[in-house]
Protein chains: 2
Amino acid sequence: MPNLLSSLPAKLPDELTETLVEAKHIRIERIVSQGHASSYGFWYDQSENEFVLLVQGAARLRFEDSVVEMMPGDWLNIPAHQRHRVEWAAPDEKTVWLAVFYEGTKRTD
Amino acid sequence: MPNLLSSLPAKLPDELTETLVEAKHIRIERIVSQGHASSYGFWYDQSENEFVLLVQGAARLRFEDSVVEMMPGDWLNIPAHQRHRVEWAAPDEKTVWLAVFYEGTKRTD
């Protein structure tokens, strides 16, 4: 039985992304970070929508007009092209996310 | 900030299902159960694939050829039409699932 909280690497020089499921219209990933923030000036601007659940740890996301703190169980639905960045992730524990990327309803590509 | 582990009803006479996100090809639900099992002889036989993550609690699922115990962090990808049933869910705590239903790659409907 695969478990989101197991097989966490002891050292994590970079954020770790693994694809759990990939199908025609969606991709489900586990993302593990520890103290990783987006590079200075970098913003995610994704062509897919993203549902993201913080499973373990803590993080802070910045949107163009707001900042949100995320704790275990917190989830967000980020529409495609809503710019955001990871401003902070807990330095002393591994933060584990489940992310579901999916096509929007209004895209024609 | 919505949280999967908050707003859990004090009493739960039936399993509680809430849709968090619905788009053209997917539906993301929170499912909360406490001691609920599938009815005698009932099997889920779904037209959509289901990715399911046990976030809190414990449960046992039965497939036609196996039984799996699920703990927090455990996840499964259940292909469409793979028959399964919930055989047991913890009676003394609330079991919280995140379920992502999505269309398959081989369906033509």
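Let me confirm something: among B:Pro9, B:Pro72, which residue is within 21 Å of A:Met70 (Cβ to Cβ) and either crowded, with 16+ Cβ neighbours inside 10 Å or out of contact with any helix residue (DSSP H, G or I) (no Cβ under 9 Å at 6 or more places or on another chain) (or both)? Steps first, answer last, please.
On the way: B:Pro9 fails: within 21 Å of A:Met70 (Cβ to Cβ).
Exactly one of B:Pro9, B:Pro72 is within 21 Å of A:Met70 (Cβ to Cβ) and either crowded, with 16+ Cβ neighbours inside 10 Å or out of contact with any helix residue (DSSP H, G or I) (no Cβ under 9 Å at 6 or more places or on another chain) (or both), namely B:Pro72.
Residue-wise test of (1) under 24 Å from B:Met71 (Cβ atoms); (2) within 14 Å of another protein chain (Cβ to nearest Cβ); (3) surrounded by 17 or more Cβ atoms within 10 Å (Cβ to Cβ).
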{"site": "B:Pro13", "(1), (2), (3)": "no, no, no"}
{"site": "B:Leu20", "(1), (2), (3)": "yes, yes, yes"}
{"site": "B:Lys24", "(1), (2), (3)": "no, yes, no"}
{"site": "B:Ile28", "(1), (2), (3)": "yes, yes, yes"}
{"site": "B:Gln34", "(1), (2), (3)": "yes, no, yes"}
{"site": "B:Ser39", "(1), (2), (3)": "no, no, no"}
{"site": "B:Asp45", "(1), (2), (3)": "no, no, no"}
{"site": "B:Glu48", "(1), (2), (3)": "no, yes, yes"}
{"site": "B:Phe51", "(1), (2), (3)": "yes, yes, yes"}
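Return the total of residues in region B:53-71 being within 7 Å of chain A (Cβ to nearest Cβ), closer than 22 Å to A:Val96 by Cα and over 12 Å from the mean Cα position of the chain (by Cα).
0
I'm trying to understand the selection: among the residues of region B:23-43, which are over 23 Å from B:Glu93 (Cβ atoms) and of a type in the set (Ser, Thr, Tyr)?
Selection gives B:Tyr40 alone.
Which residues, taken from region B:18-42, are acidic (Asp, Glu) and either assigned to a loop (DSSP other than H, G, I, E, B) or in contact with a strand residue (DSSP E or B) (Cβ under 7 Å, 6 or more places away or on another chain) (or both)? Can you show your working first?
Filtering region B:18-42 for residues acidic (Asp, Glu) gives B:18, B:22, B:29.
Matches in region B:18-42: B:Glu18, B:Glu29.
Regarding region A:39-52, can at least one residue be identified that is touching a Lys or Arg at 6+ places or on another chain (Cβ under 8 Å) and among the polar types (S, T, N, Q)?
Looking for residues that are touching a Lys or Arg at 6+ places or on another chain (Cβ under 8 Å) and among the polar types (S, T, N, Q), one finds at least one in region A:39-52, hence yes.
None of the figures in this text is laboratory data; all of them are computed from the coordinates on show. Just so you know, these numbers come straight off a predicted model, no measurement behind them. Note that each Cβ is placed from the backbone with ideal geometry, even for glycine, and that neighbours are counted across all protein chains shown.
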